[in-house]
1. Quick check on Tyr90: is it modelled with pLDDT of 95 or more, touching an Asp or Glu at 6+ places or on another chain (Cβ under 8 Å) and more than 25 Å from Gly181 (Cα to Cα)?
2. Taking the range 74-95 on its own, how many of its residues are in a strand (DSSP E or B) and more than 20 Å from Phe16 (Cβ to Cβ)?
3. Between a first residue in the range 127-145 that is assigned by the TED database to the domain that holds Tyr212 and a second residue that is open to solvent by 10 Å² or more (accessible area, probe 1.4 Å), which pairs have beta carbons less than 8 Å apart while being 6 or more apart in sequence or on different chains?
4. Going by the conditions given, is Leu318 at pLDDT 95 or above and open to solvent by less than 10 Å² (accessible area, probe 1.4 Å)?
5. Taking the stated definitions as given, is Gln197 modelled with pLDDT under 90 and either more than 22 Å from Gly98 (Cβ to Cβ) or in contact with a strand residue (DSSP E or B) (Cβ under 9 Å, 6 or more places away or on another chain) (or both)?
6. Among the listed residues Lys149, Lys169, which satisfies the condition of being more than 24 Å from Tyr11 (Cβ to Cβ), in contact (Cβ under 8 Å) with a residue 12 or more places away in the chain and not in a helix (DSSP H, G or I)?
7. Output the qualifying pairs, or none if there are none: Cβ atoms under 8 angstrom, residues six or more apart or on different chains, first residue in the range 177-201 and without any contact (Cβ under 8 Å) to a residue 60 or more places away in the chain, second residue open to solvent by 50 Å² or more (accessible area, probe 1.4 Å) and assigned to a loop (DSSP other than H, G, I, E, B).
Amino acid sequence: MAGGGGQCLSYAGCNFLRQRLVLSTLSGRPLKIRKIRAKEEDPGLRGVNLSSYKIILFYSSDFEACFIRLIDKVTNGSRIEINQTGTTLYYQPGLLYGGSLEHDCSPSRSIGYYLESLLCLAPFMKHPLKIVLRGVTNDQVDPSVDVLKATALPLLKKFGIDGESLEIKINRRGMPPKGGGEILFTCPVRKVLQPIQFTDPGKIKRIRGTAYPSLTFFLNKSAFKGKKSPNLKSNSTPVLQSIHADNTGPLFTEREHRFHHSLAQSCRYSVRVSPQMANRMVESARSILNKFLPDIYIYTDHMKGVSSGKSPGFGICLIAETINGTILSAELASNPQGQGAAVLPEDLGQNCAKLLLEEIYRVSGQYVLCVQLKGKTVMIYW
């Protein structure tokens, strides 16, 4: 795993940047990537400060520069050079060192964007890896932390990487665009992997899942003086939208919204909405899945206070497990704050259930090897 050996690999373009850096690190072969978005109006790596001639500056926060900084943190002796325009990257891998680390991920991509690569590198560190990642835990682009926890960890155990020190723990959830989530990933060291034979996915035996609401109103403490809460009727059905109180969307009924909007002045402390939204996602998903299987349990994870992150949102993650230990996943999240139309939790739950059924159909047919599923890239790498 040490760097410095082998012929330099040469590629062109920005595609597969993570995969190229991960495989270069595992093989110890230096890497050079040219013409990175050379013909675009904004050329080069995302997040590179153009005033740097050789080493990427640590003031940038965009996702590709942030990922390169993460690779630099988990290795020792790596050499990273970037030209002035950011269109050429040279990477000479160092020793995979590990240890206790912290990393602030760019909110442009979720933590899963970074965690996927760490799952491939962590077993080959010199010291067991214990890293805290901060940023967006769930979005609509990358596999969420929930999916990686449910699918990638069981896959690592099949390769002989197990024990109490193998864990992904969600300390705080964070939705785009501001994030605010935090996870802890720990992994033991394994120099030799156990070979596996994966030919028969098996039949579905149970379905599990997680529904998470994270809707936040930030209120000024002094704004409560002299004001009474509105009399909320139990049959009030608000139109849901993932926004903050300083937006003018129909998150509550009109009367409730006027009351909360008058109170929302500054970020002093937060009042969380009812977890009923997660229950609505669960019921809508079960209404489809219960037609095929009775063993279904979807956990509702309603975090409060700082644990709910800096931006509102909600989503659902569904996991199907077969009799042979194959795990299939599907997930959906609401639109980020201020982007797209309002999303009802009932629609989100039903659409996620349909996505899971589609994944099951693919695997039960001709696509026996499930490498196309999120979180399974580790199988291809190894």
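The values are calculated or read from the model by the stated rules, or taken from the named source; none is laboratory data. It should be emphasised that the depicted structure is a prediction, and the values quoted were computed from it without experimental measurement. Glycine also receives a Cβ, built like all others from the backbone with ideal geometry; neighbour counts cover every protein chain displayed. SASA here: full protein model, heavy atoms, side chains in, ligands and nucleic acids out. Shrake-Rupley method; radii C 1.70, N 1.55, O 1.52, S 1.80 Å.
1. Numbers: modelled with pLDDT of 95 or more: yes; touching an Asp or Glu at 6+ places or on another chain (Cβ under 8 Å): yes; more than 25 Å from Gly181 (Cα to Cα): yes.
Spelling it out, Tyr90 is indeed modelled with pLDDT of 95 or more, touching an Asp or Glu at 6+ places or on another chain (Cβ under 8 Å) and more than 25 Å from Gly181 (Cα to Cα).
2. Filtering the range 74-95 for residues in a strand (DSSP E or B) gives 75-76, 79-82, 89-92, 95.
Those left that are additionally more than 20 Å from Phe16 (Cβ to Cβ): 76, 79, 95.
Residues that pass the stated criteria total 3.
3. none
4. Numbers: at pLDDT 95 or above: yes; open to solvent by less than 10 Å² (accessible area, probe 1.4 Å): yes.
So Leu318 passes the test.
5. On the way: modelled with pLDDT under 90: yes; either more than 22 Å from Gly98 (Cβ to Cβ) or in contact with a strand residue (DSSP E or B) (Cβ under 9 Å, 6 or more places away or on another chain) (or both): yes.
So Gln197 passes the test.
6. Values: Lys149 fails: not in a helix (DSSP H, G or I).
So the residue among Lys149, Lys169 that is more than 24 Å from Tyr11 (Cβ to Cβ), in contact (Cβ under 8 Å) with a residue 12 or more places away in the chain and not in a helix (DSSP H, G or I) is Lys169.
7. So the pair list comes out as Thr186/Pro128; Thr186/Ser165.
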